[in-house]
Each structure stands twice: as C-alpha cells, then as structure tokens.
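This report refers to the structure that appears directly beneath it.
The values are calculated or read from the model by the stated rules, or taken from the named source; none is laboratory data. Because the structure is a prediction, the values reported are computed rather than measured. Every residue, glycine as well, gets a Cβ built from its backbone with ideal geometry; the counts of neighbours run over all protein chains shown. For the accessible areas, the whole protein counts, side chains as well, though only heavy atoms, and no ligand, DNA or RNA atoms are used. Shrake-Rupley method; radii C 1.70, N 1.55, O 1.52, S 1.80 Å.
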Amino acid sequence: MTGEIESGSESSRKRLGSFHFSVDHGDGTISVSRGGRGRPVVLCPGLYSTQAGLQVLIELLRRDHDVVAFDLRGHGLSSVAGKYTFAGFRTDLTAVLAELKSAGPAPVLVGYSLGADLAVHYASEHPGAVAGLVLVDGANPIPEPFIPAAEVPEFRAMWESSEDADGMDDAAHRVLLTGNEALELNLELDAIRTGELLGRYRDIGVPISMIMAASMAGTGRDERTRWRNRNWRAGIERLTRERPDITTTWLDADHQLVITHATDIARIVAALVARLPSPGD
C-alpha cells in the first residue's frame, strides 16, 4: 500500500474533501480515491469505466456517504496488467477492500456492470464483510449468453475495429485492454452469469438492491437487440424467483444508465443505506 486509508486520515478528508492514493498488490497498482462522510460505500466500476468517467455519480454519493472509488487494472490511472480475467479483476477489488479492515462499519458495495459481478462474488465469499449490495446493470443470472456462440466472430471483428476509435489521450479516462481482451472477458462473464452466479446469491445474507436498464442492449428494434433485452429481463425474473427479498428498479435507460441516471442511482443507494442498522446497534 502506498497511501493511507484508515481512520487517521479523517482530518485529511475534512480538509481536502477527497484524497487520492494507490494500493499495490501482486498484479500491479490500483488508483483509489476517498471522500465524503457517513457509511462507507465502495464503488466497483465496470469494464471501460473509470473514476473520471463516473465522477458525477461519485460526487452525488459523497454528499451522504464516505465513498471509496477506484480504477480497475488497465483502466484510468491504474497500472497495466499482463492479462485481464475475471479472477484478476476480483483481486483488484479484494486489495482495495483489504484497506478498509480498520474499525468501523462494514461498507456497502455499489457495483456497475462487471463491478456488480465482482461485488457479488466478494460478498458470497466474505460473510459479514459487507453491509449491503447495490448492483447496477450487472450480476444478472441470464438464462442464455448475451453473445451466442454463432455471433462471436461478428463481435470479435466489432471489438477489434473499435480499438483505435475508443483510444483516450487523457490518462484518467484511458482503457488499455485490446478489443480481443475485452471480448474474451465478456465471454467469460457470459459463462459465469449463465452458470454459477445464481448460486452465489444464496450465500449472501445482506440487503440487495438491483438497478437495471430496460434497454440494456440498446433501443434498436431489430430482433437481436429485442432478444437481448428480453434475456436481460428474464435473468432478473429468474433471480427474484430464487430471492424474492431482492428489490429491483428498472430504469428507462440503456447500459449507460450509470451516467445518464446518476441521480436515480444515488437515491437508491441512500435508500438501502437508510435501511441498515446504525453502526453499533
């Protein structure tokens, strides 16, 4: 670790509003920021999202919560990695959360897209380590893969052709994964979501709020887009049959809802935090 995150830095948060530091672990260096006051909330980003890109949501959350945000490996100001796998990204989240082990209330994890899946896996394996989960358009136990096997070549060509177009000169926004690496990670996520993910929810005993995009795959009227959106909704129906205690909010949005509907997301996070016992109860 190369920056202080424990209770002794409270005066720094009050004076500066937020502060930045890095967390070193075996696979590289993770860029982290912390600011605000209240219940700790850890924002777990998704693929192709960075602290810089999520700044509006981060600032909204910091009005009521002590928010820890970070960049995944290969994103923003975090270091490059030799490979990008779901297991690797899990170690990024675990390394950040290890810095929150000082006395204090357990954090709420707010995960977006890939970050939602990371949050579910962490919570299922660390009982008592988190107080609640808010999962934004991710961690969905879909019945069928989002990318069917027959469409993988088409998606591979699309991801590879988008590499140059998606390049960012600004280091805080940059994403260093190749198109092929991003595709392979999405295929890995498909296998997890259609397989083991539903069982993970059975091992989580804290409040969970889902925030889902009604048009996750976009608003196109072609049959493939409509099928993907139906499949996305079917996954949540599958989950809530298994866990009827999970609350779900559907927003009239696409997968960019974390940007376009940041106010709604912050409100739902605050509602979940309000349901939690006060620290010390």
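Summary of computed values
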{"read-out": "Any hit, region 138-148, residues being within 25 Å of ASP27 (Cβ to Cβ) and in contact (Cβ under 8 Å) with a residue 24 or more places away in the chain", "value": "yes"}
{"read-out": "Top-ranked residue in region 240-281 [being among the hydrophobic types (A, V, I, L, M, F, W, C) and over 18 Å from the mean Cα position of the chain (by Cα); ranked as surrounded by the fewest Cβ atoms within 10 Å (Cβ to Cβ)]", "value": "ALA274"}
{"read-out": "Hits in region 185-223 - residues which are open to solvent by 50 Å² or more (accessible area, probe 1.4 Å), in contact (Cβ under 8 Å) with a residue 40 or more places away in the chain, part of a helix (DSSP H, G or I) and not aliphatic (A, V, I, L, M)", "value": "GLU188"}
{"read-out": "Of all residues in region 19-51 being farther than 23 Å from GLY132 by Cα and among the small types (Gly, Ala, Ser), the one that is modelled with the highest pLDDT", "value": "SER31"}
{"read-out": "Pair list, Cβ < 6 Å and 6+ apart or interchain, from region 42-66 residues that are closer than 18 Å to SER78 by Cβ to residues that are assigned to a helix (DSSP H, G or I) and small (Gly, Ala, Ser)", "value": "CYS44/GLY115; CYS44/ALA119; PRO45/GLY115; GLY46/GLY115; ALA52/ALA172"}
{"read-out": "Top-ranked residue of region 60-112 - restricted to ones that are open to solvent by 20 Å² or more (accessible area, probe 1.4 Å) and either assigned to a strand (DSSP E or B) or small (Gly, Ala, Ser) (or both), ranked as nearest to GLY179 (Cα to Cα)", "value": "GLY82"}
